[in-house]
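The values are calculated or read from the model by the stated rules, or taken from the named source; none is laboratory data. Remember, it's a predicted structure, so these values are computed and weren't measured experimentally. Heads up, the Cβs are rebuilt from the backbone with ideal geometry, glycines too, and the neighbour counts pull from every protein chain shown.
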Amino acid sequence: MSSPHSVHVTGLSASTAESQLHDFFTFCGKIISIDHKGPEATIHFEKPSAANTALMLNGGTLEGATLTVTSEVEHQDEPKDDHDHAEPISQSDKPRAGIAAEYLARGYMLSDNILKRAIELDNNRGISKRFLSYIQNIDSGLGSRTLGPDQTISGKLQETVGAATQQAKSIDEQKGFSKTASDYYTRALSSAMGQKVREFYTTTSKQVLDIHEEAKRIAASTPNEGAGGSGATTAADTKAKA
């Protein structure tokens, strides 16, 4: 099945399988289909924003080969606020810098130029209000359950974060919110680095080093995930479906 939201990839290694292409580009968003033949492939995405994120990866590395990612058309990101906020977030809701961090966390190689491109895209196009609302709801929800009304867990002093997090986890488990308790963003916002994590995902002011630091946090949070291999998942795979 084809899609108008497609990118063309050249320079693929002869050893690259379609499953590896899917693993690599699924970080961009939901894939409709892949046409793969030899050193070339066309990736068909569900949304134009996913195709734009894939274009950001031009010059990236897969299976030791440097990829050229192009498109014959200009893809316009869908409006940022036309989604039901009650639905789970998708990859297309995330800031591009966050997606780049997920790639690095899984062992893929992205140059600093690509990381700068991700930061520039976030600066130019902003972060979706849907994703900002998602982060705020986690932060304030966890804070209100442990610290009281109108409190955020990321804003609490470091020495109380550990106890508050454990209390929140217990409350979540009692109420059957085990998925929420295990979600990456919940764990990250609850950590001693909560303020830095919140700032990373809710502001567009960042540097290449900030992406590398977030990648380290993601990798440390999911140590059993294969680096750059099949089955790679996103940072919020329990809540966000590509």
- [ ] Working only within the stretch 1-37, note down all residues that are among the charged types (D, E, K, R) and part of a strand (DSSP E or B).
- [x] D35, K37
- [ ] Could you please give the count of residues in the stretch 13-63 that are in contact (Cβ under 8 Å) with a residue 24 or more places away in the chain, among the acidic types (D, E), closer than 18 Å to Y108 by Cβ and touching a strand residue (DSSP E or B) at 6+ places or on another chain (Cβ under 6 Å)?
- [x] 0
TODO: Identify all residues within the stretch 103-125 that are of a type in the set (S, T, N, Q) and assigned to a helix (DSSP H, G or I); write none if there are none.
DONE: N113, N123, N124
Task: N52 vs. criteria over 16 Å from the mean Cα position of the chain (by Cα), buried (at least 16 other Cβ atoms within 10 Å of the Cβ) and either assigned by TED's automatic domain parsing to the domain that holds L115 or under 20 Å from A215 (Cβ atoms) (or both) - done: no
Task: Criterion: surrounded by fewer than 18 Cβ atoms within 10 Å (Cβ to Cβ), among the basic types (K, R), closer than 22 Å to I127 by Cα and in the same structural domain as P95 (by TED's automatic domain parsing) - qualifying residue of K37, K30 - done: K30
